Amino acid sequence: MKTFNVPITYRSPLITAIKNARKAADKLKKDFSPTLLNLGSLHIYLARHFGFCYGVENAIEISFRTIDNNPGKRIFLLSEMIHNPQVNADLQSRGVQFLQDTYGRQLIPFEELTPEDVVIIPAFGTTLEIESKLNALGIPVEKYNTTCPFVEKVWNRSSQIAQKGYTIVIHGKPKHEETRATFSHAAQNAPSVIVNDMAEAEILAKYITGEKPAAQFYTDFAGRHSEGFDASMHLQRIGVVNQTTQLATDTQAIAEYLKQTIQQHYGTTEDRFADTRDTLCYATNDNQTAVNGMLQTPADIAIVVGGYNSSNTTHLVELCELQLPTYFINSEEKILSRENILHYNFHTKEEKLTVDYLPAASPARILITSGASCPDAVVEGVIRKLAGFYGVEDKLDDITEDFTTKGPS
């Protein structure tokens, strides 16, 4: 796979050594067990896969290269490059301005842009409507477009099945940038509707079977269906695609549920349900599978590192929460002391302070992973801070050397 030129400050000698050693020992990625960092009184188990994915590294490389290649020009990002506070702050420190916030609210009017300005499209992609607005202003959206190739793969698959007459069902968070972009591209070619979760898929199924009157559809899915959507016609032939950062198991479950609904109602799925399993993102799958593998290891707590508005990171937290106390943080600075940690509760959308979060047992056993937009350097910072509490930080340099020269034990 292609390697990218991203700022060295995002890299971590420790994490790089570990990832390289695991990759060399498991080229086919069949081993999803975690990596043990045995620090004596502290045992840290790192997920087999975590951190920057292909799409994120691609977006970061393009963004920083764009800044370097356009001295003196005004440079704008359509919205957050990725959902990571450190990366977005670094871009802003280089003079980049955001045109919109995460939810599409305008921060700087498009009318203030000129053809001489540079606008970077984030990794999530954008809507056709916004592309049209920028092009009309003389700003070529394709020149600095960092849309993830795996997001574009979903768009292309949607277009393919649309041409065969299928309606597009998008499993995604309705307000997420990627979902909004995917919906826009899908709706250009076919009737489209967004479902957030299995509960909404079950509601949608009742319109497939006619159990609910078609008129009610426009209330249940207000703002989440394409113009001219006819619930009595457009749910007879469907295909399911997803926001790539959703739980893959959730998307598969929703697709299977709707497929079974079609089967039971029509007596067949032939020519009524499109196979779209190939749209699931490899990195999302690997990170989620690695967390499931990590959770097979007995441990006291889990720490998940990443942006609080990161969908893929939130899903990793969800998986960990099912099994043990889990702390969702966006940097080592949230680990205030050996006694206190400030962490994010994504259910209530607020940070909370927890006291005595570290296990009393010896050795303390901590599982650690991070989202696809989290720099490895931030993960190493978390590890070093924890190790410092146990007086074993000096052992990390030896571990780095061991993984560099010997590989995993």
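Quick check for you: with a 1.4 Å probe and neighbouring chains kept, what is the accessible area per residue of the stretch 191-238, in Å²?
Working: 2240 Å² over 48 residues.
In whole numbers, the stretch 191-238 has 47 Å² accessible per residue.
Using the basic label-point model (7 angstrom from Cα toward the beta carbon), what is the K352 to A253 distance in nanometres?
2.3
Please report the equivalent ellipsoid semi-axes of the stretch 1-145, computed as sqrt(5 x eigenvalue) of the Cα gyration tensor, largest first, in whole Å. Before the final figure, lay out each step's value.
Values: eigenvalues 275, 45, 41 Å².
Semi-axes from the Cα gyration tensor: 37, 15, 14 Å.
Let me see the pair-distance distribution of the stretch 76-122: every alpha carbon pair, 5 Å bin width, integer percents in order.
5, 22, 32, 26, 11, 3
Using modelled amide H (1.01 Å from N, peptide plane; none on Pro or chain starts), what sits under 5 Å from the amide H of A274, excluding residues fewer than 5 places away?
Sorted by chain and number, the residues that satisfy this are I238, G239, V240.
Taking springs between alpha-carbon atoms closer than 10 angstrom, which of E211, E112, E270 fluctuates most in the Gaussian network model of the chain?
Comparing E211, E112, E270 in a Gaussian network model of the chain, the most mobile one is E112.
Over the Cα atoms of the stretch 305-369, what is the Rg over Rh ratio if Rh follows Kirkwood?
0.94
Would you mind listing how long the stretch 270-409 runs along its three principal axes, going by Cα atoms, in whole Å with the largest first?
Computed over the Cα atoms, the extents are 63, 43, 26 Å.
Under Stokes-Einstein, with the Kirkwood radius over Cα pairs standing in for Rh, what whole-number D in µm²/s applies to the stretch 160-237 at 10 °C and 1.306 mPa s? Display every interim value, and only then the final one.
Working: Rh = 12.5 Å.
The diffusion coefficient I find is 127 µm²/s.
Want the number for E129 to E270: 0.36 nm per residue separation, take away the alpha-carbon distance, what's left? List each step's numbers first, then the result.
Working: separation 141, 0.36 × 141 = 50.76 nm, distance 3.45 nm.
Additional length available on full extension: 47.3 nm.
For the stretch 21-71, how big is the tail of P(r) above 17 Å, as a whole percent of Cα pairs? List each step's numbers first, then the result.
On the way: 752 of 1275 pairs.
Everything past 17 Å amounts to 59 percent.
Just how large is the dipole of the chain about the Cα centre, in debye to the nearest 20, putting +1 at every Lys and Arg Cβ and -1 at every Asp and Glu Cβ? Before the final figure, lay out each step's value.
Values: 38 positive and 49 negative charges, 126 e Å.
It comes to approximately 600 debye.
Of all the accessible heavy-atom surface of the chain, with the other protein chains kept in place and a 1.4 Å probe, what percent is carbon and sulfur? The partial results should precede the final answer.
Working: 8760 of 17840 Å².
Using a 1.4 Å probe with all protein chains present, the chain comes out at 49 percent carbon and sulfur.
R0 = 35 Å: FRET efficiency of A25 with S159, Cβ-based, nearest 0.05? Before the final figure, lay out the partial values.
On the way: r = 40 Å, r/R0 = 1.14.
The computed FRET efficiency comes out at 0.30.
Once all Cα-Cα distances of the stretch 246-331 are split into 5 Å bins that start at 0, what whole-number percent is in each one?
3, 13, 19, 18, 14, 10, 9, 7, 4, 2, 0
Helix 177-189 sits at what angle to the longest principal axis of the chain, using alpha carbons and giving 0 to 90 degrees rounded to 10?
Compared with the principal axis, the helix lies near 30 degrees.
Calculated FRET efficiency, T114 and R65, Cβ-Cβ r, R0 35 Å, to nearest 0.05?
Working: r = 22 Å, r/R0 = 0.63.
For R0 = 35 Å, the calculated efficiency reads 0.95.
Give me the angle, in degrees from 0 to 90, between the Cα long axis of helix 149-162 and the longest principal axis of the Cα atoms of the chain, rounded to the nearest 10.
Rounded to the nearest ten degrees, it is 20.
Between R94 and A360, what is the spin-label point distance in nm, taking each point 7 Å from the Cα along the Cα→C-beta axis?
So the label points at R94 and A360 sit 4.9 nm apart.
Could you work out [θ]222 nm for the chain from helices alone, using -39500 (n - 2.57) per DSSP H run of at least four and dividing by all its residues? Round to the nearest 500 deg cm²/dmol.
So the calculated ellipticity at 222 nm is -12500 deg cm²/dmol.
Could you pull the Rg and Dmax for the stretch 105-159, using just the Cα atoms, both in Å?
12.1, 36
Send over the semi-axes of the stretch 144-283's equivalent ellipsoid, whole angstrom and largest first, taken as the square roots of 5 times the C-alpha gyration tensor eigenvalues.
On the way: eigenvalues 101, 51, 40 Å².
After scaling each eigenvalue by five and taking roots: 22, 16, 14 Å.
Under the rule of at least 5 residues apart or a separate chain, name every residue whose amide H is placed under 5 Å from the amide H of S370.
Hits under the 5 Å cutoff: G51, V305.
In sequence order, what are the phi-derived ³J(HN,Hα) couplings for the stretch 80-88 according to the Karplus relation 6.51 cos²θ - 1.76 cosθ + 1.60 with θ = phi - 60°, rounded to whole Hz, with x for glycine and proline?
3J(HN,Hα) across the stretch 80-88, in whole Hz: 3, 4, 9, 8, 9, x, 5, 5, 5.
Label 7 Å along Cα→Cβ of T209; the stretch 259-276 residues with amide nitrogen under 14 Å?
In the stretch 259-276, the label zone of T209 (backbone N under 14 Å from the point 7 Å along Cα→Cβ) covers 259-267.
Suppose the chain between E333 and K73 were pulled fully straight at 0.36 nm per residue; how much longer would it get relative to their current alpha carbon spacing?
Working: separation 260, 0.36 × 260 = 93.60 nm, distance 3.40 nm.
Roughly 90.2 nm would be gained on extension.
GNM on the chain, C-alpha springs below 10 Å: top fluctuator among K164, K19, K30?
Among K164, K19, K30, the largest mean-square fluctuation in the Gaussian network model of the chain belongs to K30.
For the stretch 119-159 and the stretch 206-280, what is the centre-to-centre distance using only Cα atoms, to the nearest Å?
Each part's Cα centre sits 26 Å from the other's.
With N set to the residue count of the stretch 206-365, report its C-alpha Rg divided by 2.2 N^0.38 Å to two decimal places.
Values: Rg = 21.0 Å, N = 160, 2.2 N^0.38 = 15.1 Å.
Ratio of Rg to 2.2 N^0.38 Å for the stretch 206-365: 1.39.
Tilt of helix 13-25 relative to the longest C-alpha principal axis of the chain, in degrees (0 to 90, nearest 10)?
Approximately 70 degrees, to the nearest 10.
Net charge near E318, counting Lys/Arg +1 and Asp/Glu -1 over other residues with Cβ under 15 Å of its Cβ?
Taking every other residue near E318 into account, the sum is -1.
Mind telling me which of N285, N145, N20 comes out most flexible in a GNM of the chain, alpha-carbon contacts under 10 Å?
Among N285, N145, N20, the largest GNM mean-square fluctuation belongs to N20.
Largest first and in whole Å, give the semi-axes of the stretch 83-184's equivalent ellipsoid, each being the square root of 5 times a Cα gyration tensor eigenvalue.
Numbers: eigenvalues 136, 55, 30 Å².
Three semi-axes, in Å: 26, 17, 12.
When the Kirkwood hydrodynamic radius is evaluated over all pairs of different C-alpha atoms of the chain, what value in angstrom, to one decimal, is obtained? Walk me through the numbers before you get to the answer.
Numbers: mean 1/r = 0.0439 Å⁻¹.
Kirkwood hydrodynamic radius for the chain: 22.8 Å.
The values are calculated or read from the model by the stated rules, or taken from the named source; none is laboratory data. Since we're looking at a predicted model, the values are computed, not measured. All Cβ positions, even for glycine, are placed from backbone atoms using ideal geometry, and neighbour counts span all protein chains on display. Accessible surface is based on the protein model in full, side chains and every heavy atom, while ligands, DNA and RNA are left aside. Shrake-Rupley method; radii C 1.70, N 1.55, O 1.52, S 1.80 Å.
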